[in-house]
Amino acid sequence: MIIPRPVYELLPVLYVIAGITAITTVDTIMSFVSGILLGFSGIVVMVLRRNYRAAQKAYQQEDGAFSTVLF
C-alpha cells in the first residue's frame, strides 16, 4: 500500500497536533502520556526524515566520487 505523498508529508504534523490536542483537552494521565508520545513520535519522524534527506542530498552532490572508488 502506497500512501500519497501529500498525506505522507503531513503525517508527522498530524501526530504533533493530535498530541497537543490529547494533552490539552482531556484531563486524565493516560491522555497526557498519549499526547506526549504522539508529539514526540511526530518530532522524531520529522528529524529522521530531515536527516535522511540531507544525507541523500550530500551523497548526490559528491558526483559519484564514492562509486568510482569502489568500482
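Throughout, read-outs are computed from the coordinates displayed, never taken from laboratory work. Bear in mind that the values here come from a model prediction, so they are computed numbers and not experimental data. Positions of Cβ are generated from backbone atoms using ideal geometry, with glycine treated the same way; all protein chains shown enter the neighbour counts.
Estimated from helical segments only, the mean residue ellipticity of the chain at 222 nm is -29000 deg cm²/dmol, where each DSSP H run of four or more residues counts as -39500 (n - 2.57). Treating r as the C-beta distance of residue 20 and residue 51 and R0 as 30 Å, the FRET efficiency rounds to 0.80.
Expressed as a rounded percentage, what relative contact order does the chain have, with Cα pairs under 8 Å and six or more residues apart? Mind showing how you got there, number by number?
Working: 43 pairs, mean separation 19.9, N = 71.
Dividing the mean separation by the residue count of the chain yields 28 percent.
Extension gain for residue 60-residue 36 works out to 5.0 nm (0.36 nm per residue, less the C-alpha to C-alpha distance). Against the empirical 2.2 N^0.38 Å (N residues), the stretch 5-70 has a Cα radius of gyration ratio of 1.66. What angle do you read, to the nearest 10 degrees and between 0 and 90, between the alpha-carbon axis of helix 29-61 and the longest principal axis of the chain? Value to nearest ten degrees: 10. May I ask for the angle, rounded to the nearest 10°, between helix 5-25 and the longest principal axis of the chain, with both axes built from Cα atoms and the value confined to 0 to 90°? So the inclination is approximately 30 degrees.
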